[in-house]
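Some notes on the structure that comes next.
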2 protein chains.
Amino acid sequence: MKKTYLLAPGPTPVPADALLAMARPAIHHREPEFQPIFQACRDGLQYLFQTERDVVILASSGTGAMEAAVTNFLRRGDRALYVNGGKFGERWGKILGAYGCQPVEIPVAWGRAVDPDAVRAALDADPSIRAVYVQASETSTAVRHPVEALAEITRQRPDVLLVVDGITAVGVFDLPMDVVGIDVLVTGSQKALMLPPGLAFAAWSEKADRFMETADLPRFYFDLATERKKQRDNQTAWTPAVSLVVGLAAVLDRIQRETLEGVFARTARLARATRAALGALGLRLFAPDAPSDASTAVWVPDGVDGVALKKALRDRFGITVAGGQDQAKGKIIRIAHLGYADTFDVITAISALEMALAGLGHPVAPGAGVAAAQQVLGGGA
Amino acid sequence: MKKTYLLAPGPTPVPADALLAMARPAIHHREPEFQPIFQACRDGLQYLFQTERDVVILASSGTGAMEAAVTNFLRRGDRALYVNGGKFGERWGKILGAYGCQPVEIPVAWGRAVDPDAVRAALDADPSIRAVYVQASETSTAVRHPVEALAEITRQRPDVLLVVDGITAVGVFDLPMDVVGIDVLVTGSQKALMLPPGLAFAAWSEKADRFMETADLPRFYFDLATERKKQRDNQTAWTPAVSLVVGLAAVLDRIQRETLEGVFARTARLARATRAALGALGLRLFAPDAPSDASTAVWVPDGVDGVALKKALRDRFGITVAGGQDQAKGKIIRIAHLGYADTFDVITAISALEMALAGLGHPVAPGAGVAAAQQVLGGGA
């Protein structure tokens, strides 16, 4: 018997009430009983996105919504900036290229946030650029990009959209779409929303509506205008992922009861406690200058094999964290704070990390990380 | 207290063991515990599709797989036939058009199957046509199209693909992909597979592989070559719909234990019993010449309001059947046989129909339909 703990930045644990809601007998999406559930989801998503605009629900993983955020707003041959400081930033470039746009890369070192001045300079240098694609939280590096500063730049330019991947940002930290001036914002179900993967979401501004009118990239399954029209009547263009939508109503209700402020404060507290604990253990953060509260990435200490560390956490202690991807593979581990996570998830992660490091021969003062975490966690929000 | 019965051709009821499997705590798709589940799904899907080829799993509803069946095989400007005898046939035309292909319609009256000679003649008349898009079972009309006869035509033409929407056909009746010579076959999770919607599946032939090499339509989320490559290692290109994949393993195990032969015989028996019952009630089938065993569509009798009939079934008896779409709206109802359905689902549907018709003033001999159904159902497979 070993209890298992899912502490990776998505998929994240699903609360039992949502699991059981999704286990209810199937209902039909064209029947009246589905309508109030769908309406509750639409309302809850507007609260989550902090927007007055429609938030459209898609049956796909987050990458589907990223694709939609390209194909519904641009024209063939359009030039678009994309911030490439990790695996997901890179993905914007690939999607843009796949659809015949001209991606213009803003390269950023892994573990760093983009410099808004670099974006401003690129836009100044090339007035033909029609959009800036960025992650609010780059999951692969645990970095938070300064979306607010980017929005200040794009808000002044009627011909440039700001398109934000909020997959590990929406419901993680404060990102009020309308107030900030984000033009397109997408997220997925398996992160702060505490659901299994399989749903994605997209909202867009009035400014983005104007881009949509002239967008000529081919799209069908991910046609956002069609979806918006249908979803305003609590219908969907294609068969929705019914059980996940039922679960969505449950988790959105949970978020609204905690309030977004409560969710953000809890998540931030867990992130702060984790960083304090890692510091107390003498470990170095991978993204010290611009950490995202979604998860914390930490360098595996010299002399320790990162793959062996991840394996020890899993096999000895039943704990799933994320490792590094691509250039960070074997060099970092990532501990999540987003979604259905609380005080003792941090304690569990840090305690296990202390024991796993000791087991791999790395000197650790037992309990030093836990003590530092408790200093943060015991003090309330 | 009223028990409810979902008897529409998708979403269909989900067996309790699959519901509970999906309600298990979340697991991570990059961790070792997911690999054997995914491998079991891939094996089970090959059994279900009756193919030696890979069957790729997508996080989307069936329409996503239909889009993939266009974008992964054709080139911009390609001409393609599509059989339009219902709502889903029409959809092929829309997808082809959305991606810049030239759809060539083979119109078919609703309730009729396509005449293979019409397809042959169209191909003879225009050698530039590169594919034939068709439904094996047109859900909106409950018609079975003669895919085997179409495959005989396309098999002889190395430059023409046969692309089949099997969304209400795969796992419903015998459609051995490799033996018949279907080039691309797609289906979804919420039909014969007895799962909630949110997964789609696609397999394609060696001949289709050659088309894929020259295909130039833009695609990213639904790039089948990328998915196949990843899925051969039990990975996925994008985050899979983990909980639905866990459920998929459960229902595929169920299907393999019953055997496809058993599933087909059971479904056919339910369809035969339903048709016999409707005949005994003096009702007319909507698709008498080529009924699909997925569901049976029946004309609402003269003098009865079809919308009121559907509503009476739902509100008085807790039974969800499907009505008609578009030109058939209010004129037919559709009773499903596919998936997790057995003897007393037919008895329930026919009994409720008798009572609902009587309640709406239509003369019915009470029990006449049930008696006719029992004649078929009592006699074993």
- Task: At least 2 residues that are modelled with pLDDT of 95 or more, within 27 Å of A:Pro176 (Cβ to Cβ) and within 13 Å of chain B (Cβ to nearest Cβ) in each: list the helices (runs of 4 or more DSSP H) lying fully within the range A:229-318 that qualify.
- Result: A:242-258
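Quick grid of which residues meet (1) hydrophobic (A, V, I, L, M, F, W, C); (2) within 30 Å of A:Ala249 (Cβ to Cβ):
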{"site": "A:Arg91", "(1), (2)": "no, yes"}
{"site": "A:Ala98", "(1), (2)": "yes, no"}
{"site": "A:Pro103", "(1), (2)": "no, no"}
{"site": "A:Ala109", "(1), (2)": "yes, no"}
{"site": "A:Val119", "(1), (2)": "yes, no"}
{"site": "A:Ala136", "(1), (2)": "yes, yes"}
{"site": "A:Arg157", "(1), (2)": "no, no"}
{"site": "A:Val163", "(1), (2)": "yes, yes"}
- Among (1) outside any loop (DSSP other than H, G, I, E, B); (2) more than 14 Å from chain A (Cβ to nearest Cβ); (3) in contact with a Phe, Trp or Tyr (Cβ under 9 Å, 6 or more places away or on another chain), which single condition is B:Ala151 missing? (3)
- Note on the structure: Residue pairs within 7 Å by beta carbon, gap of at least six or interchain, first lying in the range B:96-111 and within 14 Å of chain A (Cβ to nearest Cβ), second of a type in the set (S, T, N, Q) and buried (at least 18 other Cβ atoms within 10 Å of the Cβ), listed first then second, are B:Tyr99/B:Thr71
- Message: For the structure I just gave you, tell me whether A:Asp183 is touching a strand residue (DSSP E or B) at 6+ places or on another chain (Cβ under 7 Å) and modelled with pLDDT of 95 or more.
- Response: yes
- Query: Quick check: is even one residue across the range B:347-356 in a loop (DSSP other than H, G, I, E, B) and either surrounded by fewer than 18 Cβ atoms within 10 Å (Cβ to Cβ) or outside the structural domain of B:Ala142 (by TED's automatic domain parsing) (or both)?
  - Reply: no
- Inside the range B:272-314, can you point out the residues that are among the β-branched types (Val, Ile, Thr) and either buried (at least 20 other Cβ atoms within 10 Å of the Cβ) or free of Cβ contacts under 8 Å to residues at least 24 places away in the same chain (or both)? B:Thr274, B:Thr296, B:Val298, B:Val300, B:Val307
- Message: Being in a helix (DSSP H, G or I), more than 8 Å from chain A (Cβ to nearest Cβ), touching a residue at least 12 places away in the same chain (Cβ under 8 Å) and surrounded by 15 or more Cβ atoms within 10 Å (Cβ to Cβ) is true for just one of B:Ile57, B:Ile37. Which residue is that?
- Response: B:Ile37
- Task: For residues that are aromatic (Phe, Trp, Tyr) and part of a strand (DSSP E or B), scanning just the range B:194-228, find the one that is farthest from the other protein chains (Cβ to nearest Cβ).
- Result: B:Trp204
- Considering only the range B:225-241, how many residues are among the hydrophobic types (A, V, I, L, M, F, W, C) and in contact with a strand residue (DSSP E or B) (Cβ under 6 Å, 6 or more places away or on another chain)? 1
- Message: Step by step: first the residues of the range A:357-370, then only those that are surrounded by fewer than 19 Cβ atoms within 10 Å (Cβ to Cβ) and touching a Leu at 6+ places or on another chain (Cβ under 7 Å), then the one that is farthest from A:Gly282 (Cα to Cα). Which residue is that?
- Response: A:Leu360
- Query: Quick one: is A:Val172 touching a residue at least 60 places away in the same chain (Cβ under 8 Å), more than 14 Å from chain B (Cβ to nearest Cβ), closer than 24 Å to A:Gly97 by Cβ and buried (at least 20 other Cβ atoms within 10 Å of the Cβ)?
  - Reply: no
- Message: For the structure I just gave you, tell me whether A:Asp183 is more than 19 Å from the chain's Cα centre (by Cα) and either buried (at least 24 other Cβ atoms within 10 Å of the Cβ) or away from chain B (no Cβ under 14 Å) (or both).
- Response: no
- Item | Qualifying position, being on the phi < 0 side of the Ramachandran plot, within 10 Å of another protein chain (Cβ to nearest Cβ) and not β-branched (Val, Ile, Thr), among B:Gly93, B:Gly64 | B:Gly64
- Task: Could you grab me the full set of residues in the range B:94-120 that are in a loop (DSSP other than H, G, I, E, B) and not small (Gly, Ala, Ser)?
- Result: B:Tyr99, B:Cys101, B:Val108, B:Trp110, B:Arg112, B:Val114, B:Asp115
- Query: Take the residues of the range A:15-26 that are within 9 Å of chain B (Cβ to nearest Cβ) and more than 12 Å from A:Leu244 (Cα to Cα): which is nearest to the chain's Cα centre (by Cα)?
  - Reply: A:Ala16
- Residues in the range A:140-155 that are under 12 Å from A:Asn84 (Cα atoms) and among the polar types (S, T, N, Q) total 2
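The values are calculated or read from the model by the stated rules, or taken from the named source; none is laboratory data. Everything quoted here is computed from the prediction, not taken from an experiment. Cβ atoms come from the backbone with ideal geometry, glycine included; neighbour counts cover every protein chain shown.
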